[in-house]
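The values are calculated or read from the model by the stated rules, or taken from the named source; none is laboratory data. Everything numeric here is computed off the predicted structure, so don't read it as measured data. Cβ: placed from backbone, ideal geometry, glycine included. Neighbour counts: every protein chain shown. We work out accessible area using only protein heavy atoms, side chains counted, and drop any ligands, DNA or RNA first. Shrake-Rupley method; radii C 1.70, N 1.55, O 1.52, S 1.80 Å.
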Amino acid sequence: MSMQFILKAALPAVMVSSLLVLPGCGGEQQPQDDVVRKTSGSPNKQGLWRMIEEFDGETFYSTVLVRGTGNSVTMNDCSRAFEVDSMTLSGNQYSGYNHDLAPLQVLNNDTMRWAYTNQSRQFEKMDTNPQFNMGEFRVSSPLLPDVVASNLVCVQFSETDQGEVLVLTTQVLGHPLLVTITADGGLSEGSYGVEPYGNQDAMVIFSGSHWANTTLTGYDEISDGTLTITSRGNVWIEGEVQGVLRNGTTPISVTFNVETPRN
């Protein structure tokens, strides 16, 4: 799997349950049609973009937001836990992207391209609305604060010959929360055993600074549980996870209905 999914483990602390509901932005409706979103003829570069990276035989999909309609814009990157780049357009190139390892080439208002050493990234605009509105997910436990994420959800996805990885990402009071779901052989409809040592078909990992602030650990994983994919469409995936964390005593569940950035 990609380096984006290499994480370190630690044991969580028990917290008193509460509910954190993440509000939507501007009351926008989430798209529900199971079709690939893609724009054409946009008047400017502002919007929600998919990012497609090819690296060492793996195809990795993520999303970014571009905000601003002039030569100076910001890019909010889901794959870097909402890190924001300030970018300046000169001719057909943006400077300021990804620590300026290479310029971001603008082909038109709906297509961009970036290349550095053995990495290449293609950007395709999904929507002119600059909002991470890719579905919803909920993380619930009687011993941890619940998180309900809606209209502030970005999704990452990767596929290899070995399987597929789905990363659900949101922010809680400005702090990222990531739920990484890995399935050997792919996320097809059905049920899969979950544990962290490769003896079952699936793994589920919780990480991000919200998780660290809440549990006082860098990351944790489900030690025993079940992943059920109830619906797998062209781009939308719906399912749930039930299990316990690595301490063996903290029950946790995840429900999700999200749009992948696949094209």
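Side notes on the structure shown:
- Here Gly190, Gly208, Gly186 are screened, and the one residue that is at positive phi and touching a Leu at 6+ places or on another chain (Cβ under 6 Å) is Gly208.
- Within segment 49-59, the residues that satisfy the criterion of being at pLDDT below 95, assigned to a strand (DSSP E or B) and either touching an Asp or Glu at 6+ places or on another chain (Cβ under 9 Å) or not acidic (Asp, Glu) (or both) are Phe55, Glu58, Thr59.
- Restricting attention to segment 69-81, the residues being more than 26 Å from Leu168 (Cβ to Cβ) and either part of a loop (DSSP other than H, G, I, E, B) or in contact with a His (Cβ under 6 Å, 6 or more places away or on another chain) (or both) number 3.
- No other residue among Gly218, Gly225 is more than 17 Å from the chain's Cα centre (by Cα) and modelled with pLDDT under 95 apart from Gly218.
- For the criterion of being in a loop (DSSP other than H, G, I, E, B), over 30 Å from Phe123 (Cα atoms) and open to solvent by 10 Å² or more (accessible area, probe 1.4 Å), Asn234 fails.
- Residue match in segment 28-42 (condition: under 16 Å from Thr128 (Cα atoms), open to solvent by 60 Å² or more (accessible area, probe 1.4 Å), at pLDDT below 95 and of a type outside the set (A, V, I, L, M)): yes
- Test: residue in segment 221-231 that is closer than 16 Å to Val155 by Cα and open to solvent by 50 Å² or more (accessible area, probe 1.4 Å): no
- A Cβ distance below 8 Å, combined with a sequence gap of six or more or placement on separate chains, defines the contacts here; from segment 144-165, residues that are on the phi > 0 side of the Ramachandran plot reach residues that are open to solvent by 10 Å² or more (accessible area, probe 1.4 Å) and in a strand (DSSP E or B) in the pairs Asn151/Leu22; Asn151/Glu136; Gly163/Thr182; Gly163/Asp184.
- Candidates Ala13, Ala102, filtered to the one that is at pLDDT below 65 and either within 17 Å of the chain's Cα centre (by Cα) or of a type in the set (A, V, I, L, M) (or both): Ala13
- Pick from segment 219-263, criterion touching a residue at least 40 places away in the same chain (Cβ under 8 Å) and of a type in the set (Gly, Ala, Ser), ranking: nearest to Phe60 (Cα to Cα): Gly233
- Looking at Ser141, Ser150, Ser158, just one residue is over 17 Å from Arg50 (Cβ atoms) and either out of contact with any Leu (no Cβ under 7 Å at 6 or more places or on another chain) or not assigned by the TED database to the domain that holds Asn234 (or both), and that residue is Ser141.
- Meets criteria (at pLDDT below 85, loosely packed, with under 15 Cβ neighbours inside 10 Å and in a strand (DSSP E or B)) for Val84: no
- For Asp184, the criteria (1) in contact (Cβ under 8 Å) with a residue 40 or more places away in the chain; (2) more than 21 Å from Gly135 (Cβ to Cβ) hold in every case but one, which is (1).
- Residue in segment 140-148 that is at pLDDT 95 or above and within 19 Å of Asp77 (Cβ to Cβ) present: no
- Among residues of segment 197-218 that are over 13 Å from Pro145 (Cβ atoms) and assigned to a loop (DSSP other than H, G, I, E, B), those with a beta-carbon under 9 Å from a residue that is of a type in the set (Lys, Arg) and open to solvent by 30 Å² or more (accessible area, probe 1.4 Å) at least six positions away or on a different chain give the pairs Gly218/Lys8.
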